[in-house]
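Working notes for the structure below.
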Amino acid sequence: MKLSSLLVWCVLIFSAAAMAKEAAPMAADLEVEKRMVAISEELRCLVCQNESLSGSHAELAQDLRREIRKMIGEGKTDKEILDFMVARYGDFVRYRPPVKPTTWLLWGGPFLLLAGGIAALIAFLRRRAREVAAPELSEEERRRAAALLDQSNS
Amino acid sequence: MKRFLIPLGVFVVLVVFLAVGLTLNPRDVPSPLKDKPAPAFTLPQLAAAGKSFSPADMKGQVWLFNVWASWCVSCRQEHPLLVAFAKEGKLPVVGLNYKDQEADAKGWLAQFGDPYVLSAVDADGRVGIDYGVYGVPETYVIDKAGMIRMKHTGPITPESLQKQILPLVAELSK
């Protein structure tokens, strides 16, 4: 590629980048922004349920981030902000829902499965150990075996 | 033979769990607002300039609060049902025009029919946040005392209207 055409490409690419949508206005205060991101990472975006509120481009997520910034500006604590979200969208918005009767199975389920798995493994190993160990021959059986061996040898 | 029965049993249980999971709607998140007072607000009305609406105006009657927008595709899906329902005149349907442009909203109602006694304009979506709106359309059943009795997320279907909303409304209207 000639130098001149390379130059043209460079200009094209950079001008395209310049035309791209401007970044959303950052909050003036970096501290506020940091706290907002920390809080919104704990929250689920309900529009695209597998994204956190901090990572989502959904319009609702943008609105909620704006609300969080506003509440930080009003001097609310992190807990008050989380409570605000839970009061409106339920425990489901939190990636780490509180431990209470309705979420016991959610929190304890993996440990229950693990305990079940370990119990099954122990039972399996015990049974196999029993099957592999050869049964002891009784005196009578030993004599019969010797007699059979003698017979085939002669 | 017996040793194959246990894995088979486990497999069947898993399949049942997955099958049930597939029939559930992941959008149907239980709302914490059920049985709580409907959040208060005062918003301008879409049609009548200068007039405002707040939920307190509806005290003493059972009403439906339906969140809609002209950009919302599913709203169009449920709209004929709402229009037909409003014609029956059983109970008032109030609209919340959520994050919409005034001209678009008015055009939409003119084109598809207006089932609402009035629509409140929530241009920046702030009231929507108070009501926990995350997937328009959403519909709330609010009782005489101003308590939210039910939240329906997504378009109303004839089935959900007949089986869930109407029985509840009948119960509340007693």
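Every number here is computed from the coordinates shown, using simple stated rules; none is lab data. Computed from a predicted model, the values in this text were never measured in an experiment. Ideal geometry is used to build each Cβ from the backbone, glycine not excepted, and the neighbour counts take in all protein chains shown.
Computed 3J(HN,Hα) for segment B:114-121, one whole-Hz value per residue from the Karplus formula 6.51 cos²θ - 1.76 cosθ + 1.60 where θ = phi - 60°, is 10, x, 8, 5, 6, 10, 8, 9, glycine and proline marked x.
For peptide B:24-35, the mean count of partner chain Cβ atoms within 10 Å of a residue's Cβ comes to 3.
The H on the amide N of residue B:149, modeled in the peptide plane, is under 5 Å from the matching H of B:35, B:141, B:142, B:143, each at least 5 residues off or on a different chain. Considering only alpha-carbon pairs that sit under 8 angstrom and 6 or more positions apart, the relative contact order computed for segment B:35-173 is 33 percent.
Rounded to the nearest 5, the antiparallel percentage of DSSP beta bridges internal to the protein assembly as shown is 60%.
Cβ-to-Cβ counts within 10 Å put B:142, A:122 in ascending order as A:122, B:142, the fewest first. Work out the FRET efficiency for residue B:73 and residue B:48 from their Cβ-Cβ distance, taking R0 = 22 Å, and round it to the nearest 0.05. Once the sixth-power term is evaluated, E becomes 0.20. With N counted as the residues of the protein assembly as shown, its alpha-carbon radius of gyration over 2.2 N^0.38 Å works out to 1.59. Put simply, the amide H of residue B:41, placed in the peptide plane, has neighbours under 5 Å in B:56, leaving out anything fewer than 5 places away on its chain.
Note on B:128-138: average number of Cβ atoms from other chains within 10 Å of each residue's Cβ is 4. Size descriptors for segment B:35-173, from the alpha-carbon set: Rg then Dmax equal 13.6, 38 Å.
Normalised by 2.2 N^0.38 Å, with N the number of residues, the alpha-carbon radius of gyration of segment A:39-154 equals 2.40.
Residues in segment A:94-100 carry Karplus couplings, in order, of 8, 6, 10, x, x, 7, 7 Hz; the curve used is 6.51 cos²θ - 1.76 cosθ + 1.60 with θ = phi - 60°, and Gly or Pro positions show x. Rounded to the nearest 10 degrees, what's the angle between the helix B:102-112 long axis and the longest principal axis of chain B, both from Cα atoms, 0 to 90? Result, in degrees: 70. Note on segment A:102-153: the C-alpha convex hull projects to 5.6 nm² when averaged across all orientations.
So if I take the alpha carbon set of segment A:29-98, get Rg, then get Rh from the Kirkwood formula, what is the Rg over Rh ratio?
Here Rg/Rh amounts to 0.93.
All other residues whose Cβ lies under 10 angstrom from that of residue B:151 are scored, Lys and Arg at +1 and Asp and Glu at -1, for a net of 0. Under the rule of at least 5 residues apart or a separate chain, name every residue whose amide H is placed under 5 Å from the amide H of residue B:95. The list, which skips near neighbours in sequence, is B:66, B:117, B:118, B:119, B:120.
As an exercise, take the mean of 1/r over every pair of distinct alpha carbons in segment B:67-123, invert it, and state the Kirkwood radius in angstroms. This gives a value of 11.3 Å.
Inside 10 Å of the C-beta atoms of A:82-92, what's the mean count of C-beta atoms belonging to other chains?
Average per residue, whole number: 4.
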